[in-house]
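Here's the structure, in structure tokens; my notes come after.
The values are calculated or read from the model by the stated rules, or taken from the named source; none is laboratory data. Note that the structure is predicted; figures quoted are calculated from it, not measured. For neighbour counting, all protein chains shown are included, and Cβ atoms are generated from backbone atoms with ideal geometry for every residue, glycine included. Quick note on the areas: whole protein, heavy atoms, side chains included, nothing else; ligands and nucleic acids left out. Shrake-Rupley method; radii C 1.70, N 1.55, O 1.52, S 1.80 Å.
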Amino acid sequence: QVQLVESGGGLVQPGGSLRLSCAASGSIFSINAMGWYRQAPGKERDLVAVITSGGSTNYADSVKGRFTISRDNAKKTVYLQMNSLKPEDTADYYCNAVIVTWSSRPGGRDYWGKGTLVTVSS
């Protein structure tokens, strides 16, 4: 019943910008940490950025200074502003959230979106 839906991916030239959004919906009691992961072809899925319920953030070294993660708790949405994009940023980007539902056990569990493709190419 809980869903995470990403949007905002697409094709962009090197040096360009994109803003990804991920909206959570369903029988949600609370959302703890939210984050973004990415996976390039033939590679493992790696953390890009995470933001806690208190607003603390953490970024992969490869995106520090270029990407910014934020969240809107009222909208149950997490964002990833990506600037100065490089070809190496090309990947499927996945939204992740630790969510407590009305019917499940307390503490929360991980939920994942289906992903959105970001292609950085000239």
With every protein chain in place, the accessible area of CYS95 for a 1.4 Å probe, in Å² rounded to the nearest 10, comes to 0
For the stretch 77-122, what does the accessible surface come to per residue with a 1.4 Å probe? Please give it in Å². 52
Express as a percent, rounded to the nearest 5, the fraction of DSSP beta bridges in the chain (both residues included) that run antiparallel. 95
Charge dipole of the chain about the Cα centre (unit charges at C-beta), most positive-ward option of ILE31, GLY42, PHE67: ILE31
Calculate what fraction, in whole %, of the accessible area of the chain sits on carbon and sulfur atoms when a 1.4 Å probe is rolled over the protein chains. 47
Could you identify which residue out of ALA49, ALA40, ALA24 has the top mean-square fluctuation in a GNM of the chain using Cα springs shorter than 10 Å? ALA40
Exposure of ILE31 as accessible area (Å², to 10), given a probe of 1.4 Å and all protein chains: 30
Karplus couplings for the stretch 60-73 from phi (6.51 cos²θ - 1.76 cosθ + 1.60, θ = phi - 60°), rounded to Hz, Gly and Pro as x? 5, 4, 5, 10, 4, x, 10, 10, 9, 9, 8, 8, 10, 5
Rounded to the nearest 10 Å², the accessible area of LYS76 at probe 1.4 Å: 80
Most mobile of PRO14, PRO41, PRO87 in a GNM of the chain (Cα contacts under 10 Å): PRO41
Can you give the alpha-carbon Rg of the stretch 1-84 over 2.2 N^0.38 Å, where N counts its residues? 1.12
For the chain, built as a Gaussian network whose Cα springs stay under 10 Å, the top-fluctuating residue of LEU20, LEU11, LEU85: LEU11
